[in-house]
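Below: one structure, written as structure tokens.
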Amino acid sequence: TAAPNPRNIASPFSACNSPTNPTGIGSVDPAAAFPGQPILLTAAVTPGNYPVSTGLTILADLSPMGGSSSQFFYDDGTHGDLTAGDLIFSFNAVIDGAALPGIKAIAILVRDEQNRTGSASMPFVVAPELSGIHDVQGAGHLSPLANTLVSVQGVTTAKRANGFYLQDPNPDDNAATSEGIFIFTGAVPNVAVGDLLLVTGTVKEYRASGVTSVYLTNTELENPGFTLTLLSRNHPLPSPVVLGSGGRIPPATVIEDDATGDVETSGLFDPAEDGLDFYESLEAMLVQMNDTVAVGPIKNFGSNRELPVVGDNGIHAGLFSSRGALVVRPDDFNPERLILNDLILGGPTLPSADQGDKFPGSLLGVLDYSYGNYKLELIALPALVPGGLAQEMLNDPGKYDLSVATFNVENLAPNNPPAKFAALADLIVNHLKSPDLLGIEEIQDNSGAKDDGTVDATLTWNKLIAAVQAAGGPNYAYRQIDPVNDEDGGAEGGNIRVGFLFRMDRGLSFIDRPGANALTPNAVGTGATGPELQYSPGRLDPANPAFLNSRKPLAGEFLCRGSKLFVILNHFNSKGGDTPLAGRFQPPILNSEVQRLQQAAVVKGFVQSILNIDPNANVIVLGDLNDFQFSKPLQTLKSAPLYNLIETLPEAERYSYVYEGNAQALDHILFSEGLANRPLAYGVVHVNSEFAAQVSDHDPQAVYVTFNDPPVVIPGGPYTVSEGNIVMLSAAAVDPEGGLLSYAWDLDQDNVFETSGQTVAYTALDGPSSLTLRVQVTDDGGLSTLASVLITIQNSAPAIGPIQAPAAPVSIHQPVKVSASFEDPGIRDTHKAEWNWGDGRTSPGVIVELNGAGTVSGKHIYKSPGLYKVTLTVTDQDGASARAFYEYVVVYNPHSFTSGSGWIQSPLGAFPADPAATGYAGFHFTVKNKKHSGNTEGRVEFRLKSGNLHFQATDFTWLVADWSRARVKGAGTINGQGTCFFNLEVMESRRHHPPTFHIKIWQDLNGAEQIVYDNKTLQPVFFGYILIR
């Protein structure tokens, strides 16, 4: 048809539309299916126009799935079509059982009655036979099915922005094969945690930074052929593998010990021994760690954060410092470390954390690998408990100490925030105590990292010096040499360099020999006082290829209290370019070490040129050497010879830098022998590397070396003292410098001098012995001298307390228990004891003792009645003994009986109230022991008519009787009044001897005996009898 004529010239021109063909968009549900499985094929048709299509049909070629090559689709509500006439054509098909797995495409032809056609392709996947994820992963770093189309089934465990983790809920029994895998989608995946999925895709080994990079790969499923099918939701997650106690404990020493180069193609896969293989066997799996502790500070990368940790509070981890740092050793770079990362969608965000902070309880994540480290992508994280780690602070240097420090200030530039200058100044003034000499690394030029040709760094130095003064520090001077622009490495345009900061108010001064520039090589010559530098300051061999794109060492000459110092400050090339510890190539390739070895050789040669002139010269080599104390470059420096001070620390304290949880020494101070033999105190001052808030990534270190002579000590003694006694010890001393002296004694021989004073009291503990005690005399410069005194300790006998024995009478054949305490002045003595029971028998005592004091107990059975004197002897192991007595143990026969009556001739003095009262005194008694109760009863009466004394017994304590003698104790009254006590002793008549009688009567006046009557001895009885049974 022609275009319509316009009604007027203003009408727009409207052309007729050209005919369009019908089109179709096909889909397959499911997008991947196994041979023999039904699928639904659909095509949504868009009719052609001008005119609108009528009589639309869909014809498909199903031969790729083993079907008809000309199969019609239906839009009539049959063959799987849901709604008739909605222009969505469908066909229920079944993949032929013999169809080969692979990526397929079904061609469809759309035709209308106007004989117009359109075509489309329906991609789908004939899924291969289901594989276990462990089969895909295999027992190795590379999948045995790499670049193969596979089908796996598993549960979604976590999601990331570009994919998700899938884990097989039906693991095999091989710990070397992982049950997890990452499914790469390229965008946020449309799945949910807990979805049970069937995933088909091609196995790929993804390597960050390209196929030739030094990193290990991640095994993934992705295109081509990627499809996923939801089987069910809210499926329980597989149980996590516990790393540590109660689960699988990571190797704690070996990263990889059987590979020779590429671990993916060499060596054994040994998860039990090798850290790399251990974590590879858990790739993409759910992992649980318990009671994790940070072994370094958090690093914030903006989009995510990383924190190095170990589990179980570190009980399975390697060498820990006193501050919780995990320290590297020559054969141990701590494969037990794991990096926590927070890239999981919906997962927790790592809080800011310092070394030593803890997550008590269990954390959960998926094990992953990226950029040279195995990482745990967090799903659940308990609350952080701070460890309370504090920045270290030095004590003040001594009066005669030279304090020397090295500090990498990490790209310090004038345009850094004022807070950085203030923080650095605080560390220098308050934590390093304003060292006399500071070797500073990484000072940038006046324009910072702007590459504008500036090399002068005056602004940077002056701002740092001003910040130190503002913090209360001294006025520092500096010496340095500007580098050639862009030839010393570091941040582009920054022109970082090294330089000396020094103060001159404590006996240190700089010897200036000017004339050197960036390209002038320094040299050593012989001067009037020995070796001297040609230039001070001056650079070492700056044109040497060893220092290409690296900082040149700076040598300076100082004077300290009359002694010359040669100081060489360094910042060797970094370890950038080395392959990672957990990288593809094992052992790691130390590409950067070659240049550091060359640099160390140059410095060594310069040091030797000084020592060849004066072997006792004071030489200091210090700085950021970017290598470990056991590395080849450091061994080269030591062979000058030099002594690395970090090796004077315990092995667990040798670190100045914490990288990815590995505490290591990159900064060093080395002394020549002349300095190393002086008294010194050295340490790394941990203020940066262990903390999330850092002003630099390096910790400074400092040494106090003493230019002072120790005191001369004259000890007292020798001394002699008995154990348990006190002896006064003394010493005298002289300080060569005439300074004040302090005295401290180690009196307990524990190498701690805790007792101060020139004269001190010492309590002797045990003898006989001789011992040597030490006194430490310290001058006001902190130098000490030790001296010894000799003490002879004599043994002393133990002291025995009162014997505890039964006060009441004890029947014959009944056990008698006795005990006593004892104490020995020698608290280290041990003892033995013996009881003498007074009846001709003895027995050893049972001793319980501690520190020379204790108790002795014993038990005995008497066979005969009587009054028995018990004797205890306690003897120490050195032979000294003591005795104690008990009078008396009263032993009675329950069947005893005695009676008597008669007269005695009372002697003069027997009756103190009337000593002259004498004459006959009469008595009558009948006393017996009751058979069953053991009580004593009876009657005792005694009269002295001349003294008007009439005694009558009212109470009986005991009756002890044998065949011829009886003894009675009790109480009674005098003339019917008061209370008094009596002892009665009688004997029967013997052949040719009459019976005898003795009585003692007394009163108790506040514990003292007041005799009422005592005839002193057994006297003959007149006109009477004595009977004992």
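The values are calculated or read from the model by the stated rules, or taken from the named source; none is laboratory data. Note that the structure is a prediction, hence the values are computed from the model and not measured. Every residue, glycine among them, receives a Cβ derived from its backbone with ideal geometry; neighbour counts consider all protein chains shown.
Annotations
Conditions (1) surrounded by fewer than 15 Cβ atoms within 10 Å (Cβ to Cβ); (2) over 20 Å from residue 921 (Cα atoms); (3) in the same structural domain as residue 915 (by TED's automatic domain parsing), marked per residue:
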| residue | (1), (2), (3) |
| --- | --- |
| 948 | yes, no, yes |
| 960 | no, yes, yes |
| 965 | no, yes, yes |
| 981 | no, no, yes |
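- Criterion: more than 30 Å from residue 579 (Cβ to Cβ) and either surrounded by fewer than 20 Cβ atoms within 10 Å (Cβ to Cβ) or modelled with pLDDT under 95 (or both) - qualifying residue of 245, 213: 245
- Residues that are surrounded by fewer than 20 Cβ atoms within 10 Å (Cβ to Cβ), under 30 Å from residue 824 (Cα atoms) and among the aliphatic types (A, V, I, L, M) within the stretch 678-732 comprise 721, 726, 727, 728, listed in sequence order.
- Filter result for residue 471 (out of contact with any strand residue (DSSP E or B) (no Cβ under 9 Å at 6 or more places or on another chain) and surrounded by fewer than 24 Cβ atoms within 10 Å (Cβ to Cβ)): yes
- Looking only at residues in the stretch 848-866 that are among the small types (Gly, Ala, Ser) and in a loop (DSSP other than H, G, I, E, B), the one that is surrounded by the most Cβ atoms within 10 Å (Cβ to Cβ) is 852.
- Of residues in the stretch 373-398 being more than 30 Å from residue 335 (Cα to Cα) and buried (at least 16 other Cβ atoms within 10 Å of the Cβ), the one modelled with the highest pLDDT: 394
- Restricting attention to the stretch 614-666, the residues that are assigned to a strand (DSSP E or B) and in contact with a helix residue (DSSP H, G or I) (Cβ under 8 Å, 6 or more places away or on another chain) add up to 6.
- Selection from the stretch 29-86 of residues that are among the hydroxyl-bearing types (Ser, Thr, Tyr), in contact (Cβ under 8 Å) with a residue 24 or more places away in the chain and buried (at least 16 other Cβ atoms within 10 Å of the Cβ): 42, 46, 53, 57
Here's the yes/no breakdown for (1) within 30 Å of residue 356 (Cα to Cα); (2) aliphatic (A, V, I, L, M):
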| residue | (1), (2) |
| --- | --- |
| 604 | no, no |
| 622 | yes, yes |
| 653 | yes, no |
| 656 | yes, no |
| 674 | no, no |
| 687 | yes, yes |
| 699 | yes, no |
| 705 | no, yes |
| 714 | no, yes |
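- Enumeration of residues in the stretch 124-147 that are crowded, with 16+ Cβ neighbours inside 10 Å and either touching a His at 6+ places or on another chain (Cβ under 9 Å) or within 29 Å of residue 108 (Cα to Cα) (or both): 124, 125, 126, 127, 128
- The lone exception for residue 99 - which of (1) outside any strand (DSSP E or B); (2) among the aliphatic types (A, V, I, L, M); (3) in contact (Cβ under 8 Å) with a residue 40 or more places away in the chain; (4) out of contact with any Pro (no Cβ under 8 Å at 6 or more places or on another chain) it fails: (4)
- Test: residue in the stretch 251-267 that is closer than 19 Å to residue 179 by Cβ, among the small types (Gly, Ala, Ser) and not assigned by TED's automatic domain parsing to the domain that holds residue 149: no
- Of the set (1) among the small types (Gly, Ala, Ser); (2) touching a Gly at 6+ places or on another chain (Cβ under 8 Å); (3) on the phi > 0 side of the Ramachandran plot, all apply to residue 858 but (3).
- The lone criterion from (1) surrounded by fewer than 23 Cβ atoms within 10 Å (Cβ to Cβ); (2) at pLDDT 95 or above left unmet by residue 552 is number (1).
- Subset tally (residues that are closer than 18 Å to residue 921 by Cα and in contact with a Phe, Trp or Tyr (Cβ under 9 Å, 6 or more places away or on another chain)) for the stretch 983-999: 9
- Residue within the stretch 819-832 that is β-branched (Val, Ile, Thr) and in contact with a Pro (Cβ under 9 Å, 6 or more places away or on another chain) present: no
- Close pairs from the stretch 665-692: first closer than 16 Å to residue 622 by Cα, partner part of a loop (DSSP other than H, G, I, E, B) and of a type in the set (Lys, Arg), Cβ under 9 Å, at least 6 apart: 665/654; 666/575; 671/678; 684/654
- Summed over the stretch 547-598, residues that are in contact with a Pro (Cβ under 7 Å, 6 or more places away or on another chain), among the aliphatic types (A, V, I, L, M) and closer than 19 Å to residue 636 by Cα total 5.
- Of all the listed residues (551, 596), the sole one being in a helix (DSSP H, G or I) and either charged (D, E, K, R) or under 27 Å from residue 487 (Cα atoms) (or both) is 596.
- Selection of the stretch 27-59 for residues being in a strand (DSSP E or B), touching a Gly at 6+ places or on another chain (Cβ under 8 Å) and either modelled with pLDDT of 95 or more or not aliphatic (A, V, I, L, M) (or both) yields 40, 41, 42, 43, 44, 45, 46, 58.
- Selection count, the stretch 186-220, where residues are in contact (Cβ under 8 Å) with a residue 24 or more places away in the chain, at negative phi and not in a strand (DSSP E or B): 12
- Among the residues listed as 172, 195, the single one being farther than 28 Å from residue 106 by Cβ and assigned by TED's automatic domain parsing to the domain that holds residue 225: 172
- Single match in 344, 339 (criterion: at pLDDT 95 or above, assigned to a loop (DSSP other than H, G, I, E, B) and among the aliphatic types (A, V, I, L, M)): 344
- Residues in the stretch 780-794 that are closer than 16 Å to residue 719 by Cβ and either touching a Phe, Trp or Tyr at 6+ places or on another chain (Cβ under 8 Å) or not in a strand (DSSP E or B) (or both): 4 in all.
- Answer residue from the stretch 867-891, given it is small (Gly, Ala, Ser) and assigned to a strand (DSSP E or B) and is farthest from residue 983 (Cα to Cα) among those: 881
- Every pair of residues 6+ apart whose Cβ atoms lie under 9 Å, when the first sits in the stretch 441-470 and is over 11 Å from residue 413 (Cβ atoms) while the second is assigned to a loop (DSSP other than H, G, I, E, B) and among the aliphatic types (A, V, I, L, M): 441/496; 455/484; 455/518
- Residues in the stretch 808-822 that are modelled with pLDDT under 95 and either crowded, with 20+ Cβ neighbours inside 10 Å or in a strand (DSSP E or B) (or both): 809, 810, 811.
- Hey, residue 392 acidic (Asp, Glu), under 30 Å from residue 506 (Cα atoms) and part of a loop (DSSP other than H, G, I, E, B) or not: yes
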